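Visitor: Here you go, one structure.
The values are calculated or read from the model by the stated rules, or taken from the named source; none is laboratory data. Model, not experiment: these values are computed from the prediction. Don't worry about glycine lacking a Cβ; one is built from the backbone with ideal geometry, like all the others, and counts go over all protein chains shown.
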Amino acid sequence: MPSGRCVTMTEVSPQSSAAPPLKIVFVGHVDHGKSTLIGRILHDTGSLPEGKIEEIKKACAAEGMEFEFAFLLDALLEEQKQNVTIDTTEIPFRTARRRYGIIDAPGHKEFLKNMITGASRADAAMLVIGADEGVREQSRRHAYLLSMLGVNQVI
């Protein structure tokens, strides 16, 4: 029975480390910033492995490319060279209260099958919309596919 008082976040016990992580897929139209957003989240929360930024910056310099946060996720050299996500990448991420699996899905129409593969493993989704272009073809398609896959918690 409710006691009628507010419970603060510090009173809630952290999720058990044995509990499965909440898997969130980042989807949306090509070049709307999915990989960049995830890279920034991992960087700004201190969740990257030691030396990862330096490693990517060094690889970029060797290829004569400017560093981008999206490169933290684009594991394939081909992805970095083309500045495009081809395959899905799942990154474990943890806060003080919960474990997550962040899934970066490609936005290109040609890699829709890979997006579906990533989204099929997700509990929730972040539909990223570029402020400069707004809702585009792949934005709509990804939203529709999320609903078809039963991913109903979408931000």
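Visitor: Given the criteria small (G, A, S) and closer than 25 Å to K52 by Cα, does G107 qualify?
Guide: In short, yes.
Visitor: For segment 101-129, which residues satisfy the criterion of being within 15 Å of the chain's Cα centre (by Cα) and either in a loop (DSSP other than H, G, I, E, B) or of a type in the set (D, E, K, R) (or both)?
Guide: D104, A105, P106, G107, S120, R121, A122, D123, V128, I129
Visitor: Identify, by number, the condition in (1) surrounded by 21 or more Cβ atoms within 10 Å (Cβ to Cβ); (2) at pLDDT 90 or above that R98 doesn't meet.
Guide: R98 satisfies every listed condition except (1).
Visitor: Being without any contact (Cβ under 8 Å) to a residue 24 or more places away in the chain and of a type in the set (G, A, S) narrows it down to one residue among A131, A125, A96, A105; which is it?
Guide: A131
Visitor: Let me ask another. Restricting to segment 112-125, and then to whatever is of a type in the set (A, V, I, L, M, F, W, C) and crowded, with 19+ Cβ neighbours inside 10 Å, can you tell me which residue is farthest from H29 (Cα to Cα)?
Guide: A122
Visitor: Out of all the residues in segment 130-153, which are buried (at least 16 other Cβ atoms within 10 Å of the Cβ) and either among the charged types (D, E, K, R) or not in a helix (DSSP H, G or I) (or both)?
Guide: Result: G130, R136, R141, V151.
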